[in-house]
Structure formats: structure tokens, C-alpha cells
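*Asks:* Got a structure here, written out as C-alpha cells. Questions coming.
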Amino acid sequence: MNKLYTLLLGLCVSYAHAQNTDSVTIRKIYNEALANGKSYEWLRYLTKQIGPRLSGSDGAQKAVDWTKQVMEKEGFDRVFLQDVMVPHWVRGAKEEAYIKNGKQKITVPIAALGGSVATGPKGVEAEVIEVKNFPELRAMSPDQVKGKIVFFNRPMDPTKINTFEAYGGAVDQRANGASEAAKLGAVGAIVRSMTNIHDDLPHVGSMRYATGVPLIPTAAISTNGADQLSNLLAENPKLTFYFKQNCETLPDAKSYNVVGEIKGSEKPDEIIVVGGHLDSWDLAEGAHDDGAGCVQSIEVLRILKALGIKPKRTIRAVMFMNEENGLRGGVQYADLAKKNNEKHIAAVESDNGGFTPRGFGIVGTPAQRAKVEPWKPLLAIYGLHEIGAGGGGADIGPLAQLGTVLFGFKPDSQRYFDYHHTSADRFETVSQRELELGAASMASLVYLLDQHGL
């Protein structure tokens, strides 16, 4: 009995010592991020000096070159590029659109959705069919829809506390609306912007065409424009809508994932990834989506190095290319990891904006999530209360096939879709302190993953 008591006491003392060591180190991580952080100034350069970074563009290539230089300057053990072929869609001249109501021509803001075809030089003008969802559209006959423009006007659900849940409930219109409309003979599709706020900015994003269905042009309309169109349609169902867009899909272009790493001191063959996506939509500086995630990921490695923490496992910061309109970078990274027989034990992604940290979503087995439980008190001190089953992230998603446990960084979600995929996603909308707290939160999780494994 005495031997058992002694053993249990020893285990308790050992656990308490480890918890105390972790607590002290995490405090140092936050101190370093908040007192000496570089993420904010890196973000300033990425957004203001480079700007929009859609895959295949000059801006995307400049971002690749710059992030590689940043990580080399920080003295990481290895910095390298991974080739990836990416889609190359260009917007062309600014779109035009108006509602023709009798003799009135009312201009409204639109923007072509990524991947859409052009309207042709004369544009498209037709009567409008307004629908809220696909079942409503499918209930119509081809005669009702043929030759018309389908207007998808389902708002994001304002009652959802998690705005990403509201986004997920509405975004199918943007992704698949054009093909659903084309199946019934429509000549175009207009989609209400994915945001809860009322503004005059079209919120863009990617769409995709179904196989064997005519390709018709599609665009996002601002929420104010959508409300105006809907109200006027209620008064005059015979009004027409005109839009012209000049977009084009060019041949795939060569681009790169940018990778920096600190080699593990004890288990270098076990890899922990932290990353974000380097590309952004062409109308945006891409501050929250996802410049913030990129600079936070580089900052994680910088913090560990600055504090003299020699990780047991190899820590990689990955700037993924082409999340917005293809996910080629994330798929390529996972394919190369599999080909090279790399063992990725965990991956952390930041792609929800640079707002106040709330926690992490975890994609893994119940046993793997259980191993994170003892860390919750250490992280709760810093406002990280939402830690449990949830989403990981688009770019790290393909790593799940390798058995990697995925962690999605969760900042406060309330303001994200105010800026998402618009010209409003600028550097000025990011709080330095919130950005640095996010970097510290990610660095703390990476530290714990490295020290204790999964």
C-alpha cells in the first residue's frame, strides 16, 4: 500500500511540475508576442505593399517571394518552395449592372463570381425570377425560367450565433446557383452577397459549373442592391436586369506553397504544421482572409526561436496557395507529405480572421481530443474557452487522410463576414492586439502539441 501511495504521489508531483513548466512557458509566449511581435508589421507590408493575391496573379507571386524572404531573414532552419499549378481566373474590366424598371435605369453594385464566364461584350438583359433556395427553383418548369435571370436572394440566417454556421447555410447559392439556373434554361444568375450587414459592396467568392450544364454568367450583388431588386420585383415582376462582366479563365499557372521549419531536436521526423493561405480575392487586400493567418503562422516559429525553445518535433509554417478558388496548395502539400512518407501528427490552421481568440476546433478521434483536455485550464486563462470537436481548416483538411489531427483556430466570428471577400478587407480593420493574441494562442497550442504529443 505504501509503495502504491508513493507511486501515485510521485505521479501527481510530476504532473504538477509539468503543468507549472507549461504555464510559465505559455506566459513567456504571450509576453513575447505582445511586447515584441512582428506579425502586425508583416501584415502591413503584405496588404499595403503587395495587396490582392489571387492565384496566378503578379500579386500572388510577389507574396510568395516576400514570405520566403521573411522566413529566411528570421533564420529558420529550412525555407523552401513547393511547386503547384493553380487556376488563373481574371476579372477584366469592372462590371456594369442596372435594374430597368419602366423608363428608370437604377445602377446596382455587382461583381463576377470567381470562375464565372463573361457575359459577352453586349452584356445580358432579361426578366428576373427571384428564389430563396434550390427546391423552390426546381419546382418551376423550364418555361417559367428559360431566357430569364435567376436571382438567388436567401440571406445568411441572422439568428445563428456562429456566423460561419450562417455562411454555411447560404453559400450553396453562390457555389452552385449558376448551374442550377442553367438546367432550366436561365441566361444568367445573380446571388445575394454572403454577409449579414447591409452595404453596397458585392461579397465575391468562388463558384463551380456542373458537368454537362450550359455555362452562364453569374455575379454577386450587394445586400442593399439585392433588397432594392427584390422590392422592385414585388411591384413590377416584369422589370428587367442588365449586367455585363468581362472575366476570363486563362491556362493554369505555376505557383508555390512557401514552407519554413524549425527542425525537431528529439523527434525530427514528427511534424507539426501551422499555416494559412497566401492567396486572396482580387478585390481585397486580404487582411483578415487570410493575411492574418499567414503572418500569425510565421510568428509562431519566430516566437519559439526568440524564446530559445528547441522543439522536440519539427515545426513547419506553411503558406498555402490557392485556397480561395481551387485548394490546389493544400492538396499538393498533403500529396507530397504522403509521397515523402512524412509523419504529420498535428496541423493548425488560421483562416477565420485576425479577431479576438476564442479557442480551437479539433478534428480527431475522441481519444485524441481527450489528450487535449488537461491543457484547457492552461489556455482558459488567455480567453481560449472554446476547445473541442469542430472544424480544422480547408488547407489542412487533406492531411486528415494521413491520420493527422487537425486544429482550426477560432477567433470571435461576429465581424468576419462584414469584410469577407470584399474591398473592405483592409489592413486598417485588423487590431494589432487581437492579431498578436491570436499568434500567441497558436504558438501556445503548438508548444503543448510538441511537448506532449497526441
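*Asks:* Dipole size in debye (nearest 20) for the chain around its Cα centre, Lys and Arg Cβ +1, Asp and Glu Cβ -1? If you can, show how the numbers build up before the last one.
*Replies:* On the way: 50 positive and 52 negative charges, 96 e Å.
The calculation lands at about 460 debye.
*Asks:* Starting from the Cα gyration tensor of segment 238-378, multiply each eigenvalue by 5, take the square root, and state the resulting semi-axes largest first in whole Å.
*Replies:* Equivalent ellipsoid of segment 238-378: 34, 19, 16 Å, largest first.
*Asks:* What does the charge dipole of segment 338-454 about its Cα centre add up to, to the nearest 20 debye, if the Cβ of each Lys and Arg holds +1 and the Cβ of each Asp and Glu holds -1?
*Replies:* Dipole size: approximately 400 debye.
*Asks:* Could you give the distance between the Cα centres of segment 158-172 and segment 194-263, to the whole Å?
*Replies:* A separation of 18 Å, based on Cα centres.
*Asks:* Assign one of three labels to segment 98-255, namely rounded, prolate or oblate, based on the Cα gyration tensor with a ≥ b ≥ c the square roots of its eigenvalues; rounded applies when a/c is under 1.5, prolate when it is not and a/b is larger than b/c, and oblate otherwise.
*Replies:* Since a/c stays below 1.5, the shape of segment 98-255 is classed as rounded.
*Asks:* What residues have an amide H closer than 5 Å to that of ARG78, excluding those fewer than 5 places away on the same chain, when H is modeled at 1.01 Å from N in the peptide plane?
*Replies:* Counting only residues 5 or more places away or on other chains, the set is GLU261.
*Asks:* Considering the convex hull of the alpha carbon atoms of segment 171-248, report its projected area averaged over all viewing directions, in nm², one decimal.
*Replies:* Projected over every direction and averaged, the Cα hull of segment 171-248 covers 5.7 nm².
*Asks:* Any idea what Rg and Dmax come out to for segment 352-454 if you just take the C-alpha atoms, in Å?
*Replies:* 14.4, 43
*Asks:* Over segment 157-273, calculate the relative contact order: mean separation of alpha carbon pairs under 8 Å at least 6 apart, over the residue count, as a percent.
*Replies:* It comes to 21 percent, rounded to a whole number.
*Asks:* Could I ask something else about it? Keeping the other protein chains in place, figure out the carbon and sulfur percent of the accessible area of the chain, with a 1.4 Å probe.
*Replies:* Values: 9860 of 18710 Å².
Ligands and nucleic acids excluded, carbon and sulfur reach 53 percent.
*Asks:* Something else about it: Hey, what angle do you get for helix 223-235 against the long axis of the chain, alpha-carbon based, 0 to 90 degrees rounded to 10?
*Replies:* 30
*Asks:* While we're looking at this one, here's another question. Using DSSP to define loop residues, name the trypsin sites (Lys or Arg not before Pro) in segment 55-102 whose beta-carbon has at most 13 other beta-carbon atoms within 10 Å.
*Replies:* On the way: sites: LYS62, LYS68, LYS73, ARG78, ARG91, LYS94, LYS100; in loops: ARG91, LYS94.
Those that pass, being in a loop and sparsely packed, are LYS94.
*Asks:* Further question: Given H placed on each backbone N at 1.01 Å, which residues far from VAL84 in sequence or on other chains put an amide H within less than 5 Å of it?
*Replies:* Those qualifying (amide H under 5 Å, at least 5 residues apart or on another chain) are SER255, TYR256, ASN257.
*Asks:* Using just the C-alpha positions of segment 133-188 as equal point scatterers, what log10 of I(q)/I(0) does the Debye formula give at each q in 0.14, 0.18, 0.22, 0.28 1/Å?
*Replies:* Debye intensities relative to I(0), on a log10 scale: -0.41, -0.61, -0.78, -1.06.
*Asks:* Right, here's the next one. Using alpha carbons only, how many angstrom separate the centre of segment 295-355 from the centre of segment 51-78?
*Replies:* About 14 Å separates the Cα centre of segment 295-355 from the one of segment 51-78.
*Asks:* For segment 77-169, what number results from the quotient of the Cα radius of gyration and 2.2 N^0.38 Å? Please list the in-between numbers first.
*Replies:* Working: Rg = 19.2 Å, N = 93, 2.2 N^0.38 = 12.3 Å.
Ratio of Cα Rg to 2.2 N^0.38 Å: 1.56.
*Asks:* While we're looking at this one, here's another question. How much accessible area per residue does the chain have, in Å², with a 1.4 Å probe? Don't skip to the end; give the middle numbers.
*Replies:* Details: 18710 Å² over 454 residues.
Per-residue value: 41 Å².
The values are calculated or read from the model by the stated rules, or taken from the named source; none is laboratory data. Quick caveat, the model's predicted, so the values are computed rather than measured. Note: ideal-geometry Cβ built from the backbone for every residue, glycine included; neighbour counts use all protein chains shown. Each accessible area value is taken on the protein alone, full model and side chains, heavy atoms only, with ligands, DNA and RNA left out. Shrake-Rupley method; radii C 1.70, N 1.55, O 1.52, S 1.80 Å.
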